[in-house]
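Right, one structure below, let's go through it.
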Amino acid sequence: MARPITINLLEQIENEFGRPKLVIAGTKITVHEIAEMVGHGGATIEWILENFNLTRAQIHAALAYYYEHQTQIDDEIAATNADVRRRATDAQSHLAEMRARAKPK
């Protein structure tokens, strides 16, 4: 009878806000970051190997998880990116208001 084999290359930790995030075990590099680099940023596995202290197996484990949960992770990445853009726009507006108030009349 076949038994599933567990490969412990990923682990769930809490981010700075107490929310769970999936990272490559022993690192702070998230599955989302690997997915963005490869799936959205055009990075190659070789580039990641050269620029991060990861093994090919770690990268493939992160990508396997990403492809297994791609819709959910892509939605989370899109929501995060939209939030970052919204915050940047809010910050620019606030800065413009502060500059307008600081101008001598």
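Every read-out reported here was derived from the displayed coordinates using simple, explicitly stated rules and does not represent laboratory data. Remember, it's a predicted structure, so these values are computed and weren't measured experimentally. Virtual Cβ from ideal backbone geometry, glycine too; neighbours counted across all protein chains shown.
Compared with the alpha-carbon gap, the fully stretched path from Y67 to R85 is longer by 3.9 nm at 0.36 nm per residue. With neighbours defined as other Cβ atoms within 10 Å of a residue's Cβ, the residues K28, K103, K21 order from fewest to most as K103, K28, K21. Once the Kirkwood radius over Cα pairs is known for the chain, the Stokes-Einstein relation at 4 °C and 1.567 mPa s delivers a diffusion coefficient of 79 µm²/s. Per-residue 3J(HN,Hα) values for the stretch 51-62, derived from phi via the Karplus relation 6.51 cos²θ - 1.76 cosθ + 1.60 with θ = phi - 60°, read 10, 9, 8, 10, 9, 4, 5, 4, 5, 5, 5, 5 Hz in sequence order (x marks Gly and Pro).
Normalised by the number of residues in the chain, the mean separation of alpha-carbon contacts (under 8 Å, six or more apart) gives a relative contact order of 19 percent.
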